[in-house]
Amino acid sequence: FGPRVFGLLRAAAQMDGPARWSSGAGGAHHRVMKRRGQRLAACEVSGVSAAAALACAAAVSSASVTRDASPTFLLGAPVQRGAPMRLHCGQRRHVAAAQDLAGTVCVAGVALACRAAAGYRSRRRGLALAAQDPDSPVNLEDKPVSFVYTVPDEVDPEAKPPRIIFEGGKEVKDLDAPRPAGRSKDPDNLYFWKMSKDKRTIDVVVPLEDHIDKNDIVYRLGEDPMERSRGPNLELGYRYKTEDGRMKERLIIDGQLLNAIERDQSFWTIEEMAGVQVCVLTITRPSMMRRRHDPVLKSVVEEERIEPQTWDSLLVEDRPVPKITDRIYFDISLEGEAAGRLEFGLYGEEAPVTVKNFLGLTLGEYENEEGKMVKSAHCFKETAFHKVMPEFLLAAGNPGLDLITVELTPEQLVQYATEFMDQSKIPKQVGPVLPMWCIRWGADLGYMLDEFDGSYSKDGDAVKGDAPTREQVVGRLAGLAAEGKPASLIFFRPEWEKGCTAAGGTFEAEGTTVAHRKRGMLSMDRIEEKGTQGSIFFVTLKEFPEMDTRWTAFGELTEGWDLLDRIEKDFEKKPEEVVISDCGLVA
């Protein structure tokens, strides 16, 4: 939307009588009314793009706000199509927000901000907001209010701001969710541990005999290790007197803590639990604090961000190690020359479905539901890696089904160009091209020159969605159609984004407790929204607690560490030169 459309919207908002503006490009209808000095503004949106929503919001705001406005409250409620949410305006400015799957709709003082995810179009949901007469009651009985914040005219500088806790990038909300916990493996040195509800600390409980007091407790933390993610050595126990009168130490815990800790904020106490004397050690996890200021709501929120960690044991020595049931190899060629072999051990007991599929893709055959060995839909042999990200991961296993070359007739080219140019409408199928397919550079469409580095795009590179690029693509499509003969175009198929299984489809990701606990872990990529995976896998280049419970770890690298180091170091910008020349079971 350019200045012309924006100007039309504002002009419509400032009319004395009812006005209606309809846009085919925006895929939405907007109505703005003013009558008898009463501010009444309505916005009806169906399948609206982010640009259309923002343009409409700016127009409506000019008809719904007064000069003497002052903030009063923020209210949030669900938005449903055909059921407007009424907001009491009066002589004051209101801030209101309503959330649904499409995004967030905000009525905020001088601007009704209507935000939707870029490129998102909904067939089922719409938005409807209206500012009501100042003297009319607010009726929200049919809509459960999700949050209400009072915004004071003056803020007490002495008031302590609220605190929100995050673990990595995820807010800690569900305090009743399952928490990591465990106990010692040695029954003679018994202790229990569990993470706190807010995930800030680990509590370790050591039962003690009644005669032991605080002066007998032994608590020592060693030096911080070279590996930053690991914790120091922990010694926890008590002193006792032998029969000959000498003092000795008995260490209940003696080992390296699995994860880094805040040693200065860790402490122990002696307490009584269920009639038993215990020593409770509180281990504080590393975190950082920051303050987030909101000038509109005049609020300050403290955010404590805990470093993401995986606590599947208290000590490194006690960490569970999955059993390797199968071993496979990848013979790797780099830039066309044999470079060595990567060998992986697979956890068939922890992730049986994932391992069975991976073996089928490695061997080129699998056992179907009838118990017969059949040829796999594709095989890893002769496939290339598609990502090399140092200190992050390597990715491979793409059979190339996500890109397809399609031939369109001149008529279909014109039809597709029309659909492509109008990004606000729900796309339609054009010939063999399904609605959600995305056109890519290459084939008869040609390539795009990068003005920054002077390079051209490659076959399959993404087409940007900005207006100049769209116009250029439409112009090229029109030129191909004018030639009067079919043209070949490359399309990206999102349904095959994560590859396909040995059987030619996808399957639901297995939920395992295997942690991405070290460099060289083998894990399956997946579509998080659907929870499905196919054939694309990755190899971690560091410990990855952020991936735990989100992706399925099903194996580990056992041989070929030098080759892994070489790939990480030298092939970041040319992953396609890393090819699996052969693969199979280790003899």
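The values are calculated or read from the model by the stated rules, or taken from the named source; none is laboratory data. Model, not experiment: these values are computed from the prediction. A quick note on method: Cβ atoms are made from the backbone with ideal geometry, for glycine too, and the neighbour counts reach across all protein chains shown. These area figures cover heavy atoms from the full protein model, side chains too; ligands, DNA and RNA do not enter into them. Shrake-Rupley method; radii C 1.70, N 1.55, O 1.52, S 1.80 Å.
Say whether the condition of being of a type outside the set (Phe, Trp, Tyr), surrounded by 15 or more Cβ atoms within 10 Å (Cβ to Cβ) and part of a loop (DSSP other than H, G, I, E, B) is met by at least one residue in region 292-299. Lay out the reasoning, then the answer.
Residues of region 292-299 that are of a type outside the set (Phe, Trp, Tyr), as a first pass: 292-299.
Next, from what is left, pick out any that are surrounded by 15 or more Cβ atoms within 10 Å (Cβ to Cβ): 297, 299.
Still in the list and also part of a loop (DSSP other than H, G, I, E, B): 297.
The answer is yes; a qualifying residue exists.
Please specify each residue of region 246-269 satisfying the condition of being within 29 Å of residue 210 (Cβ to Cβ) and under 42 Å from the mean Cα position of the chain (by Cα). Please lay out each step first, then the result.
Keep residues of region 246-269 that are within 29 Å of residue 210 (Cβ to Cβ), which gives 246-255, 257, 266-269.
Hits for region 246-269 are 252, 253, 254, 255, 257, 266, 267, 268, 269.
Hey, among 192, 166, 147, which residue is at pLDDT 90 or above and within 26 Å of residue 297 (Cβ to Cβ)?
Numbers: 192 fails: within 26 Å of residue 297 (Cβ to Cβ); 147 fails: at pLDDT 90 or above.
Sole residue among the options that is at pLDDT 90 or above and within 26 Å of residue 297 (Cβ to Cβ): 166.
When each of 464, 428 is tested for being closer than 20 Å to residue 408 by Cβ and either assigned to a loop (DSSP other than H, G, I, E, B) or modelled with pLDDT under 85 (or both), the lone residue that passes is 428. Applying a threshold of 9 Å to beta carbon distances and a minimum spacing of six or more residues, or different chains, the list of pairs starting in region 177-198 at a residue that is open to solvent by 30 Å² or more (accessible area, probe 1.4 Å) and ending at one that is among the polar types (S, T, N, Q) reads 179/196; 180/310; 180/313; 190/184; 192/184.
All of (1) open to solvent by 60 Å² or more (accessible area, probe 1.4 Å); (2) under 36 Å from the mean Cα position of the chain (by Cα) hold for residue 202 with one exception: (1). Here residue 372 fulfils each of the conditions (1) surrounded by fewer than 16 Cβ atoms within 10 Å (Cβ to Cβ); (2) closer than 17 Å to residue 554 by Cα; (3) not aliphatic (A, V, I, L, M) apart from (2). When we screen 303, 243, 307 for residues that are over 28 Å from residue 185 (Cβ atoms) and either under 26 Å from the mean Cα position of the chain (by Cα) or at pLDDT 95 or above (or both), the only hit is 303. Checked against the criterion of being surrounded by 14 or more Cβ atoms within 10 Å (Cβ to Cβ), outside any loop (DSSP other than H, G, I, E, B), touching a helix residue (DSSP H, G or I) at 6+ places or on another chain (Cβ under 7 Å) and of a type outside the set (S, T, N, Q), region 441-456 contains one or more residues that satisfy it.
Being of a type outside the set (D, E, K, R), assigned to a strand (DSSP E or B), in contact (Cβ under 8 Å) with a residue 40 or more places away in the chain and under 22 Å from residue 532 (Cβ atoms) is the filter here, so list the residues in region 335-393 that pass it.
Quick first cut of region 335-393, residues of a type outside the set (D, E, K, R) only: 336, 338-340, 342, 344-348, 351-355, 357-364, 366, 368, 371, 373-374, 376-380, 383-386, 388-390, 392-393.
Checking the rest, the ones that are also assigned to a strand (DSSP E or B) come to 338-340, 342, 344-346, 366, 373-374, 383-384, 388-389, 393.
Applying the additional criterion that residues be in contact (Cβ under 8 Å) with a residue 40 or more places away in the chain yields 338-340, 342, 344-346, 366, 383-384, 388-389, 393.
Across region 335-393, the qualifying residues are 346, 366, 383, 393.
Does region 283-290 contain at least one residue that is among the basic types (Lys, Arg), open to solvent by less than 90 Å² (accessible area, probe 1.4 Å) and in contact (Cβ under 8 Å) with a residue 40 or more places away in the chain?
We begin by selecting, within region 283-290, every residue among the basic types (Lys, Arg); these are 285, 290.
Narrowing further to those that are open to solvent by less than 90 Å² (accessible area, probe 1.4 Å): 285.
Those left that are additionally in contact (Cβ under 8 Å) with a residue 40 or more places away in the chain: 285.
Yes, region 283-290 has at least one match.
Looking across region 388-418, the residues that are within 27 Å of the chain's Cα centre (by Cα), open to solvent by less than 20 Å² (accessible area, probe 1.4 Å) and small (Gly, Ala, Ser) come down to 395, 396, 397.
The rows are residues; the columns are (1) farther than 18 Å from residue 520 by Cα; (2) open to solvent by less than 30 Å² (accessible area, probe 1.4 Å); (3) touching a Pro at 6+ places or on another chain (Cβ under 9 Å).
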| residue | (1), (2), (3) |
| --- | --- |
| 304 | yes, yes, no |
| 310 | no, yes, yes |
| 314 | yes, yes, no |
| 323 | no, no, no |
| 333 | yes, yes, no |
| 336 | yes, no, no |
| 343 | no, no, no |
| 352 | yes, no, no |
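For the residues 462, 467, the requirement of being without any contact (Cβ under 8 Å) to a residue 60 or more places away in the chain, among the small types (Gly, Ala, Ser), at negative phi and in contact with a strand residue (DSSP E or B) (Cβ under 7 Å, 6 or more places away or on another chain) singles out 462.
Residues checked against (1) touching a Pro at 6+ places or on another chain (Cβ under 6 Å); (2) closer than 30 Å to residue 327 by Cβ; (3) of a type in the set (Lys, Arg); (4) surrounded by fewer than 16 Cβ atoms within 10 Å (Cβ to Cβ):
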{"residue": "495", "(1), (2), (3), (4)": "no, no, no, no"}
{"residue": "507", "(1), (2), (3), (4)": "no, yes, no, no"}
{"residue": "536", "(1), (2), (3), (4)": "no, yes, no, no"}
{"residue": "543", "(1), (2), (3), (4)": "no, yes, no, no"}
{"residue": "546", "(1), (2), (3), (4)": "yes, yes, no, no"}
{"residue": "563", "(1), (2), (3), (4)": "no, yes, no, no"}
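Just to verify a result, which residue in region 210-255, among those that are aromatic (Phe, Trp, Tyr) and open to solvent by less than 80 Å² (accessible area, probe 1.4 Å), is farthest from residue 266 (Cα to Cα)? Spell out how you get there, then give the answer.
Kept after step one, since they are aromatic (Phe, Trp, Tyr), are these residues of region 210-255: 219, 238, 240.
Subsequent filtering for residues that are open to solvent by less than 80 Å² (accessible area, probe 1.4 Å) retains 219, 238.
On the way: 219: 11, 238: 18 Å.
Result: 238.
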